[in-house]
Amino acid sequence: MVKKSRAAGRHFLQIPGPSPIPERIQQAMSRQILDHRGPEFAELATRVLRKLKTIFQTQSTVFIFPSSGTGAWEQALVNTLSPGDKVLMAETGHFAVLWRAMAENLGLEVKFLPMDWRTGVDANLIEKELRSDTSHTIKAVCMVHNETSTGCVTNIPQIRSALNATGHPALLMVDTISSVGAMDYRHDEWEVDVSIGGSQKGMMMPPGLSFSAVSPKALECSQNTCFPRSYWSWPEMNAGLDVGAFPYTPATGLIYGLDEAINLITEEGFEATFARHERLAKATRAAVSAWGLETQCRKDTDHSPAVTAVRMPDGINADAFRAHVLSTFNMSLGAGLGKVAGRVFRIGHLGDTNELTILGALAGVEMGLQNMGLSQARGGVEAAMASFSEAQSKATEKAA
Ligand SMILES: Cc1ncc(COP(=O)(O)O)c(C=O)c1O
């Protein structure tokens, strides 16, 4: 085996999560372990749970589970539904497909609306399904807010309007795993029943924590559901949360980190954080367009502020391109997943990312594309810089 030489400089982790961890969060997590049944942890846990509500913009109950996002999908389903219940989902991309598979594995009946993986969900289709369900057999509508595999966003307020317009009582469950912390998300105002988040993307943390914001209606369902559950049980988790007590050993180190992560977002300001993500996404799209390539998301209103998926021209394998960029420029780009594997690569611009990081990443992509024979792939970095200059001028005008 050939010994690899040291790569100088820092690795560019431009996958759409896990995202790079800011120094302050790393330091917060490097503290000594504390007694998770002692007063110091109780104070930390109650503070973090209170602060987490601001991230989901909710007054409702929030839970922190030591799990990946997949665990949060499961706890949402098993705490609110019963085996055989019908749920409505839509095929936005790979993560919607996985959530559907889980629902079916659990014994739920899934009505899965087919889509082409290039847009968010059309709320009119949801409304049509709900209207035709006159006997209210659909118990939950489950949507992926930011489909990380395609870079398409579903407009959740429009989905809520579809539920309200039809007077349908189904629960609204939303996967915010790659959106929370990176884009505006309003659990209460959008009347979401269960919002599911993860630590490793917009929240700038390592993987390992999942979050759920739970409406009073969903919490009530969790008292009556017939799914057997134990580790994921909301009632058990809820029993001691007001005094900062978890039913089992909590991930104390990660909770220190979460405390600091929320501080960082609050200090930057929610609006400024979301605007930064929009700016980075817009500049990335300007680069993609200058290269003569297409984004996987084909609807202007649905572009993700967190991730841009780029379609490779026929004849160039996106995975070969990513491997080249990794070995040549020490940069990790996101892979195409599921049915777009090898056809798409993804540029993550979420979490602790700024203009210069993205310009560096785009320079790596641009050079990589040229090395792969795409000689027209030029001017992307310049287009991104122009996009940043325009944003800067607008901000200066606004401030004047
Ligand atoms: C939108 C979305 N949902 C669910 C998941 C699954 O989360 P995890 O890999 O943390 O289990 C991911 C992971 O990337 C995701 O992006």
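The values are calculated or read from the model by the stated rules, or taken from the named source; none is laboratory data. Please read all numbers here as calculations on a predicted model, not as lab measurements. Glycine also receives a Cβ, built like all others from the backbone with ideal geometry; neighbour counts cover every protein chain displayed.
Specify which of the listed residues (MET183, MET205, MET173) is within 16 Å of the ligand (Cβ to nearest atom), at pLDDT 95 or above, under 30 Å from ALA399 (Cα atoms) and not aromatic (Phe, Trp, Tyr). Exactly one of MET183, MET205, MET173 is within 16 Å of the ligand (Cβ to nearest atom), at pLDDT 95 or above, under 30 Å from ALA399 (Cα atoms) and not aromatic (Phe, Trp, Tyr), namely MET183.
Would a scan of the range 354-372 turn up a residue that is hydrophobic (A, V, I, L, M, F, W, C) and assigned to a loop (DSSP other than H, G, I, E, B)? I'd like the intermediate steps shown before the answer.
At the first step, the residues of the range 354-372 found to be hydrophobic (A, V, I, L, M, F, W, C) are 356, 358-359, 361-363, 365, 367, 369, 372.
Checking which are assigned to a loop (DSSP other than H, G, I, E, B) leaves us with 372.
For the range 354-372, residues hydrophobic (A, V, I, L, M, F, W, C) and assigned to a loop (DSSP other than H, G, I, E, B): present.
Checked against the criterion of being away from the ligand (no atom under 16 Å from the Cβ), within 20 Å of SER179 (Cβ to Cβ), touching a strand residue (DSSP E or B) at 6+ places or on another chain (Cβ under 9 Å) and not β-branched (Val, Ile, Thr), the range 66-73 contains not a single residue that satisfies it.
For SER178, are the conditions met, namely being surrounded by 23 or more Cβ atoms within 10 Å (Cβ to Cβ), within 11 Å of the ligand (Cβ to nearest atom) and not in a helix (DSSP H, G or I)?
So SER178 fits the description; yes.
MET143 satisfies every condition listed in (1) within 16 Å of the ligand (Cβ to nearest atom); (2) outside any strand (DSSP E or B) except (2). Looking only at residues of the range 16-31 that are of a type in the set (Gly, Ala, Ser) and surrounded by 11 or more Cβ atoms within 10 Å (Cβ to Cβ), we find that the one that is farthest from ALA261 (Cα to Cα) is GLY17.
Taking the conditions (1) surrounded by fewer than 24 Cβ atoms within 10 Å (Cβ to Cβ); (2) within 16 Å of the ligand (Cβ to nearest atom) in turn, ARG131 satisfies each one other than (2). Could you pull out the residue among LEU13, LEU44, LEU34 that is of a type outside the set (Gly, Ala, Ser), surrounded by fewer than 16 Cβ atoms within 10 Å (Cβ to Cβ) and touching a residue at least 60 places away in the same chain (Cβ under 8 Å)? Of the residues listed, the single one that is of a type outside the set (Gly, Ala, Ser), surrounded by fewer than 16 Cβ atoms within 10 Å (Cβ to Cβ) and touching a residue at least 60 places away in the same chain (Cβ under 8 Å) is LEU34. Number of residues in the range 253-284 that are without any contact (Cβ under 8 Å) to a residue 24 or more places away in the chain and among the charged types (D, E, K, R): the value is 3. Figure legend. Inter-residue proximity from the range 97-109: first residues under 20 Å from CYS226 (Cβ atoms), second residues at pLDDT below 95 and away from the ligand (no atom under 11 Å from the Cβ), beta-carbon distance below 8 Å, spacing 6+ or different chains. Indicated pairs: LEU106/PHE227.
Hey, any hits in the range 40-62 for a residue that's within 16 Å of the ligand (Cβ to nearest atom) and either closer than 30 Å to VAL340 by Cβ or not in a strand (DSSP E or B) (or both)? Full working, then the answer.
Going through the range 40-62, the residues within 16 Å of the ligand (Cβ to nearest atom) turn out to be 56.
So of that shortlist, the ones also either closer than 30 Å to VAL340 by Cβ or not in a strand (DSSP E or B) (or both) come out as 56.
Yes; the residues of the range 40-62 include at least one that is within 16 Å of the ligand (Cβ to nearest atom) and either closer than 30 Å to VAL340 by Cβ or not in a strand (DSSP E or B) (or both).
Picking from residues in the range 305-357 that are of a type in the set (D, E, K, R) and within 22 Å of SER199 (Cα to Cα), the one that is surrounded by the fewest Cβ atoms within 10 Å (Cβ to Cβ) is ASP352.
When THR80 is tested against (1) within 16 Å of the ligand (Cβ to nearest atom); (2) farther than 17 Å from ASN146 by Cα, only condition (1) is not met.
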